[in-house]
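First comes the structure, then the notes that go with it.
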Amino acid sequence: MFSIELDIISTLILAIILFLIGSIIKSKVKFFNRFCIPSPVIGGLLFCFLTLFLNLINICTISMNTSLMPYFMTFFFTILGLGVSIALVKKGGKLLFKYWILCGILAYCQNFITIILSKFTDIHPLLALMCGTISMECGHGCAAAFGTTIENLGVKGACSVGITAATLGIILGGIIGGPVAKFLIDKYNLKPSVKVYTQNVTKKQLISISKSYSNLTPFLFFEQALIILLCVSIGEFITNVFFNISSIILPNVVGCMFIAVLFKNINDKANWINLDFKLLDFLGELSLGMFLTMALMSIDLLKLSNLFGPIIIIVLSQVLFIILFATLICFKVLGKNFDAAIIVSGLIGHGLGATPNALANMHSVSEKYGYSEKAFLVVPLVGAFLLDLFTMPCIILFINLLS
């Protein structure tokens, strides 16, 4: 057996190739589109299985230089923070507040489930925690981000466990959300409001009121990049100061997101600069794509194989809990009506996977039963960024309690 060592440029080239392969496969295979499986997950996992095969038959081992990963990760979460507008929160009213609180309760319950099951599955509590809120409500991005933080505490394989759990969550969240909403609608004979809603208005509410530039220029690109990099620099500085003062572990992405949110909402009032969200979304998608591809393609499935059993047990327990929580509690608290049923399909989508999952579930149900304007306003607002106000402190609390 011989070994192949890829330098930083070769690793980046491989990541780009895998991302493109994943995108092509996703466009050709309906299953991946139906369940909103990200292209980086497809390409990255494909390479994982290839390296596992090459390792098992003693042909070669491949090692990579993934030192660019933390930069892509921080870049993405900072851009996410720049999209958080407090003004939009007011549009959701009491329904949004109730849904937000329910998602916060779900975050803490998911982490308590992992602690209990870690004792039965006999794995490190921090590894089990990677199958909780980190990978369920927060998805692949947080799984890789916080997985790196936990690995720095000496717990090996945390990143791989989290990404594996997040992948299972996305698949199961996409499969279960629609049928659960269908069950509720049929059981209670629910109908959409007779009021005629315009979906375009809702979509406009979810876009920042800031004016976007229509043409990309070097000045525009560097202007937006400068804002991101300044938020990253100040955020990392604040994170380090916070740790030195309190000794509480706080990932850099949290500080960077906080500064980005602060800048965004002050800028909305002061109008210092026009944030181009079309460009920011593109840069965010690019960063997340490279980050996830590198994270997935570097997973050692051979070392992870002994954890497959515990991962599946914990993830299936999360699925059972969210179905009971959504149907017995959330549906009733949210009004026990048609809007609540559509919202429940979204809750299961991003409670196990990601916001795109939630939207895919709601669109699928709406195509058959009718449209819910409230659901398409509340779920994206909470899933895209309000949720972080609960999940980030929740994750940080449990990491510090278990470390």
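The values are calculated or read from the model by the stated rules, or taken from the named source; none is laboratory data. Fair warning: this is a prediction, and the values are worked out from it, not measured in the lab. Heads up, the Cβs are rebuilt from the backbone with ideal geometry, glycines too, and the neighbour counts pull from every protein chain shown.
The requirement of being touching a helix residue (DSSP H, G or I) at 6+ places or on another chain (Cβ under 6 Å), in the same structural domain as T74 (by TED's automatic domain parsing) and closer than 25 Å to L377 by Cα is fulfilled somewhere in region 116-133, by at least one residue.
Restricted to helices (runs of 4 or more DSSP H) entirely inside region 330-403, those with at least 2 residues that are among the β-branched types (V, I, T) and buried (at least 22 other Cβ atoms within 10 Å of the Cβ) are 338-352, 373-381, 388-402.
Which is among the aliphatic types (A, V, I, L, M), part of a helix (DSSP H, G or I) and modelled with pLDDT of 90 or more, of L18, L54, L80, L45? None of the other options fit; the residue is L18. Might you let me know whether region 256-267 holds any residue that is charged (D, E, K, R), crowded, with 20+ Cβ neighbours inside 10 Å and assigned to a helix (DSSP H, G or I)? The answer is yes; a qualifying residue exists. Selection over region 83-117 of residues that are in contact (Cβ under 8 Å) with a residue 40 or more places away in the chain, over 19 Å from the mean Cα position of the chain (by Cα) and assigned to a helix (DSSP H, G or I) gives a count of 10.
Among residues of region 214-233 that are in the same structural domain as F263 (by TED's automatic domain parsing), those with a Cβ under 8 angstrom from a residue that is of a type in the set (G, A, S) and surrounded by 11 or more Cβ atoms within 10 Å (Cβ to Cβ), sequence gap 6+ or separate chain, pair up as I228/A260; C231/G81; C231/A260.
If you check A128 against the conditions, is it within 26 Å of I259 (Cβ to Cβ), crowded, with 23+ Cβ neighbours inside 10 Å and under 19 Å from the mean Cα position of the chain (by Cα)?
Details: within 26 Å of I259 (Cβ to Cβ): no; crowded, with 23+ Cβ neighbours inside 10 Å: yes; under 19 Å from the mean Cα position of the chain (by Cα): yes.
Considered against the rule, which asks whether it is within 26 Å of I259 (Cβ to Cβ), crowded, with 23+ Cβ neighbours inside 10 Å and under 19 Å from the mean Cα position of the chain (by Cα), A128 comes out as no.
Taken over region 40-72, the criterion of being free of Cβ contacts under 8 Å to residues at least 24 places away in the same chain and surrounded by 15 or more Cβ atoms within 10 Å (Cβ to Cβ) is satisfied by I42, L54.
Identification of helices (runs of 4 or more DSSP H) wholly contained in region 135-233 with 1 or more residues that are at pLDDT 90 or above, aromatic (F, W, Y) and closer than 29 Å to A360 by Cβ yields 158-187. So in region 75-124, with the set limited to residues that are over 29 Å from L304 (Cβ atoms) and of a type in the set (S, T, Y), which one is surrounded by the most Cβ atoms within 10 Å (Cβ to Cβ)? Across region 75-124, the extreme among qualifying residues is T78.
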